[in-house]
Amino acid sequence: MTRARGPKMGAEALPLTANYNNYCSGGEAPLVLGLQASALVDHVARVDWSLLDQLPGERGGSIPVAIEELEHILGEVKTHIISSPDDSLPMKTIAGGSVANTIRGLSAGFGISCGIIGACGDDEQGQLFVSNMSSHAVSLSRLRMKRGPTAQCVCLVDALGNRTMRPCLSSAVKLHPQADDLTRADFKGCKWLLLRYGIINLEVIQAAIRIAKQEGLFVSMDLASFEMVRNFRSPLLQLLESGGIDLCFANEDEATELLRGTEGGKKADPEAALEFLAKHCRWAVVTLGPNGCIAKHGKEIVRVPAIGKANAVDATGAGDLFASGFLYGLVKGLSLEECCKVGSCSGGSVIRSLGGEVTPENWQWMYKQMQTKGLTLPDIRK
């Protein structure tokens, strides 16, 4: 159980309340542990292109913003929102972040025991994060409650289902490795550590990988965004070359961006990027949006088509939920091709509605897809 700590780096650790303790499941260590240095809340809305044209940066990417700009964008959303008869609310506010999306999916849809390690603020957004994750049976016993704001992100979805993200992380509470926020006890008994590459949390990522390897965990990393890869390629390459990453997920843009500036940069295509990643990781996966995915393990390479692309409403969380399905396959000992097929089913399930959380109806859709393809259904469905 998390213990209260003194103030560190401007974020004061809070004593746990009885209400929060109810959310923290003890007992056995979770099979999968997600590292998200800052708990994050997503504000997801479908908007017209005129708002996206006003934002600095490339459409479809993810660029950090200050709290003032985030609040300005949220204000502008109200006049640019596109309503849909399929959604009860024009904007969804849910626990977010790539890692949170993946482990919530693993727990809720696949019945895999999961926990999250990170820091959460003592504000309304922090309460929402705790409530949302705990409602899907994610263990929060490693979530540090600190005094200060919880991270937020605006996810703007266009008419084609593509999303543009503007996260506000700089002022949010977060883990600090020098503050004893990461201990070997947090990792003991777990089998997988999931993390997302990010320069703002590089020290935390490095410390977590080091401890995970000491405790014998596999480490999975997502490449975050093409801007993150482009702007901070060198430390990313160092992480990959360290040998501490066992599984790497990248989308097509991230994968090709990774190769630019390297010796193989002249051939910056997804296949070349897959080969590059596979030199450093036991499993390498490049998702190709509506064209499915390619993956490599050892000498085996597979290509699997996408599922559910015709019903795409919002691409938010597609890669995260693909990772949920792929990891479920690895945990269950499925073949590389079957892992990709399950990932395509789960990735296809989340794009059928707004936001990075799969609805109960879309989980049922996924199970039917898996059954049709002869894939091993989760124990919670048997």
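Of the set (1) modelled with pLDDT under 95; (2) open to solvent by 20 Å² or more (accessible area, probe 1.4 Å); (3) touching a Lys or Arg at 6+ places or on another chain (Cβ under 9 Å), all apply to Asp122 but (1). The single condition among (1) open to solvent by 70 Å² or more (accessible area, probe 1.4 Å); (2) within 25 Å of Tyr328 (Cα to Cα) that Leu194 does not meet is (1).
hydroxyl-bearing (Ser, Thr, Tyr) and touching a residue at least 60 places away in the same chain (Cβ under 8 Å): is that true of Ser346 in this structure? Criteria met by Ser346. Taking every residue in the range 58-71 that is free of Cβ contacts under 8 Å to residues at least 24 places away in the same chain and under 15 Å from Val44 (Cα atoms) and pairing it with any residue that is assigned to a loop (DSSP other than H, G, I, E, B) and hydrophobic (A, V, I, L, M, F, W, C), at least 6 positions away or on another chain, yields no pair with a Cβ-Cβ distance below 6 Å. Only helices (runs of 4 or more DSSP H) whose full extent lies in the range 263-376 are considered here, and the ones with at least 2 residues that are buried (at least 21 other Cβ atoms within 10 Å of the Cβ) and among the hydroxyl-bearing types (Ser, Thr, Tyr) are 318-331, 336-350. So, in the range 41-59, of the ones that are assigned to a loop (DSSP other than H, G, I, E, B) and surrounded by fewer than 18 Cβ atoms within 10 Å (Cβ to Cβ), which residue ends up modelled with the highest pLDDT? Here the residue is Asp48. In the range 161-181, the residues that are under 17 Å from Gly97 (Cα atoms) form Cβ pairs under 6 Å with partners that are of a type in the set (D, E, K, R), at six or more places apart or across chains, as follows: Thr164/Arg59; Val173/Lys146; Leu175/Asp181.
For the range 312-324, the count of residues that are under 20 Å from His136 (Cβ atoms), touching a Phe, Trp or Tyr at 6+ places or on another chain (Cβ under 6 Å) and of a type in the set (D, E, K, R) is zero. Taken over the range 199-219, the residue count meeting the criterion of being open to solvent by 10 Å² or more (accessible area, probe 1.4 Å), outside any strand (DSSP E or B) and either among the aliphatic types (A, V, I, L, M) or under 22 Å from Ser324 (Cα atoms) (or both) is 7.
The values are calculated or read from the model by the stated rules, or taken from the named source; none is laboratory data. Treat the numbers as computed from the prediction; the structure is a model and nothing was measured. Note: ideal-geometry Cβ built from the backbone for every residue, glycine included; neighbour counts use all protein chains shown. Quick note on the areas: whole protein, heavy atoms, side chains included, nothing else; ligands and nucleic acids left out. Shrake-Rupley method; radii C 1.70, N 1.55, O 1.52, S 1.80 Å.
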